[in-house]
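Participant: This is the structure I want to talk about, given as structure tokens.
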Amino acid sequence: MKVLIGCLSFKEFTGSEMYVYELSKKLVQLGCEVTITAAVIGSPMQELAQSNAVQVIPPFQLANREFDIIHCQHTPVVEMLCRVYPNTPKVCTIHSEIILLEEPVKHPSIVAYISIRKSIYDWLVTEKNILPNSIWSINNPIDESRFKPTNLALRPYVLFVGTLDFLRKETLFDLVDYTIKEKLQLMVVGKDSQGYLSELEKNSNVVYLKPQFNVEYFVQNAYQTAGIMLGRTTIEGWMCGRSGWIYDVDAKGHIKSKELFDTPDDIENYHSTYVGNKILELYKKSINK
């Protein structure tokens, strides 16, 4: 099966970019021929994907290429692929209910939407009028060979991995207060896109690391993880046996609620092998519609 995966950016270690990477890698292992196209392409994600036999090309190189199925995300990319391939069946993953770029596109060639968490499913049905029978609830794919329980001793830090942007600012400073109160460190891994890192680092318990791929050691060592809206780090922590703070925030990053969650009983449903097989099943059904 020839699969095209389209996204806005394929360059850095953000959630949607890691989603595309993990999915493409697993689909190749399942026998698919996978191509990724993105408006922004670069290191290190391009090299990582290519090392797993995935083609990575800019949109202008799509000319004269045909695919059995297109898996797309991010509104402008979905719209572009609907114009270029109006008759090729498409599956769209929706990564967030609070980010404008995640608005679902409606087009005759889009046969299914993937919701990566229940709150997105509810939003699609109640606010975006997407038919429930066209939505598949399939979790983020996390590599179970990397994120698994170990004998590493817990260290006294809460781990937060994610871009330092406006959506996460209030959460991060709330975590500073929590970790100071509990006499813990706050380890932050991510790109400082909004310029408030220096303010965070005024707190002596904050440890900052630049974005990086191999974060499993930090996850396995962590006392707890923290993130917004059930993101990758929370799931990675669960797969390593670590509880995680989930912050529910609004579209401006204001905290609506926060709660500490232990590893759920259905953690295998987040394994990339399980997710890859579920998505491949969806592709086959979409092609045969």
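The values are calculated or read from the model by the stated rules, or taken from the named source; none is laboratory data. Note that the structure is a prediction, hence the values are computed from the model and not measured. Note that we place each Cβ from the backbone using ideal geometry, even for glycine, and neighbour counts take in every protein chain shown. Ligands, DNA and RNA are excluded from the accessible area calculation, which covers all protein heavy atoms including side chains. Shrake-Rupley method; radii C 1.70, N 1.55, O 1.52, S 1.80 Å.
Participant: Give segment 255-280 a look and list any residue that's within 18 Å of Glu144 (Cβ to Cβ), open to solvent by less than 70 Å² (accessible area, probe 1.4 Å) and touching a residue at least 40 places away in the same chain (Cβ under 8 Å), or say none.
Facilitator: Asn269, Tyr270, His271, Ser272, Thr273, Val275, Gly276, Lys278, Ile279, Leu280
Participant: Scanning for something out of contact with any helix residue (DSSP H, G or I) (no Cβ under 9 Å at 6 or more places or on another chain) and in a loop (DSSP other than H, G, I, E, B), does segment 74-83 turn up at least one residue?
Facilitator: In the first step, residues of segment 74-83 are kept if they are out of contact with any helix residue (DSSP H, G or I) (no Cβ under 9 Å at 6 or more places or on another chain); the result is 78-79, 82-83.
Now drop any that are not in a loop (DSSP other than H, G, I, E, B), which leaves none.
Within segment 74-83 (the criterion being out of contact with any helix residue (DSSP H, G or I) (no Cβ under 9 Å at 6 or more places or on another chain) and in a loop (DSSP other than H, G, I, E, B)), the answer is no, since none of the residues qualifies.
Participant: Does segment 19-77 hold any residues that are without any contact (Cβ under 8 Å) to a residue 60 or more places away in the chain and surrounded by 19 or more Cβ atoms within 10 Å (Cβ to Cβ), and which are they?
Facilitator: Once the filter is applied, which keeps residues that are without any contact (Cβ under 8 Å) to a residue 60 or more places away in the chain and surrounded by 19 or more Cβ atoms within 10 Å (Cβ to Cβ), segment 19-77 yields Val20, Tyr21, Ser24, Val34, Thr35, Ile36, Thr37, Ala38, Met45, Ala49, Val54, Val56.
Participant: So, Val161, is that one of a type in the set (A, V, I, L, M), free of Cβ contacts under 8 Å to residues at least 40 places away in the same chain, closer than 27 Å to His71 by Cα and open to solvent by 40 Å² or more (accessible area, probe 1.4 Å) or not?
Facilitator: When the stated conditions are applied, Val161 does not pass them.
Participant: A follow-up question, please. Of the residues Arg155, Arg146, Arg117, only one is charged (D, E, K, R) and under 15 Å from the mean Cα position of the chain (by Cα); which?
Facilitator: Answer to the check: Arg117.
Participant: Just name the residue that is least open to solvent (accessible area, probe 1.4 Å) out of those in segment 132-147 that are under 11 Å from Lys118 (Cα atoms) and out of contact with any Leu (no Cβ under 8 Å at 6 or more places or on another chain).
Facilitator: Among them, the one singled out is Asn139.
Participant: For segment 89-105, how many residues meet the condition of being under 18 Å from Pro141 (Cβ atoms) and among the hydrophobic types (A, V, I, L, M, F, W, C)?
Facilitator: As a first pass, look at segment 89-105 and keep what is under 18 Å from Pro141 (Cβ atoms): 91-96, 102.
In the following step, the residues that additionally are among the hydrophobic types (A, V, I, L, M, F, W, C) were identified as 91-92, 94.
Final tally of qualifying residues: 3.
Participant: Then there is this: Do you know which residues across segment 218-245 are open to solvent by 30 Å² or more (accessible area, probe 1.4 Å) and either out of contact with any strand residue (DSSP E or B) (no Cβ under 9 Å at 6 or more places or on another chain) or hydrophobic (A, V, I, L, M, F, W, C) (or both)?
Facilitator: Phe218, Leu230, Gly241, Trp245
Participant: Just checking, which of Asn52, Asn64 is under 22 Å from His271 (Cβ atoms), more than 14 Å from the chain's Cα centre (by Cα) and not β-branched (Val, Ile, Thr)?
Facilitator: Answer to the selection: Asn52.
Participant: Can you confirm whether Lys106 is basic (Lys, Arg), under 24 Å from Arg232 (Cβ atoms), surrounded by fewer than 16 Cβ atoms within 10 Å (Cβ to Cβ) and under 23 Å from the mean Cα position of the chain (by Cα)?
Facilitator: No, not satisfied.
Participant: Tally up the residues in segment 85-102 that are open to solvent by 30 Å² or more (accessible area, probe 1.4 Å) and closer than 18 Å to Val249 by Cβ, please.
Facilitator: The qualifying residues number 5.
Participant: In the list Tyr217, Tyr274, Tyr196, which residue meets the criterion of being touching a Lys or Arg at 6+ places or on another chain (Cβ under 8 Å) and of a type in the set (Ser, Thr, Tyr)?
Facilitator: Tyr196
Participant: Is it true that some residue in segment 199-208 is closer than 28 Å to Ile116 by Cα and either basic (Lys, Arg) or without any contact (Cβ under 8 Å) to a residue 60 or more places away in the chain (or both)?
Facilitator: No: zero hits.
Participant: To continue, here is another question. Modelled with pLDDT of 95 or more, within 18 Å of the chain's Cα centre (by Cα) and under 23 Å from Ser243 (Cβ atoms): does that describe Pro141?
Facilitator: On the way: modelled with pLDDT of 95 or more: yes; within 18 Å of the chain's Cα centre (by Cα): yes; under 23 Å from Ser243 (Cβ atoms): yes.
Judged against the criteria, Pro141 is a match.
Participant: Is it true that some residue in segment 254-270 is under 26 Å from Pro89 (Cα atoms) and either within 17 Å of the chain's Cα centre (by Cα) or among the aliphatic types (A, V, I, L, M) (or both)?
Facilitator: Yes, because at least one residue in segment 254-270 is under 26 Å from Pro89 (Cα atoms) and either within 17 Å of the chain's Cα centre (by Cα) or among the aliphatic types (A, V, I, L, M) (or both).
Participant: Hey, another quick one. Leu124 passes all but one of (1) free of Cβ contacts under 8 Å to residues at least 60 places away in the same chain; (2) open to solvent by 30 Å² or more (accessible area, probe 1.4 Å); (3) under 23 Å from Gly276 (Cβ atoms); which number fails?
Facilitator: (2)
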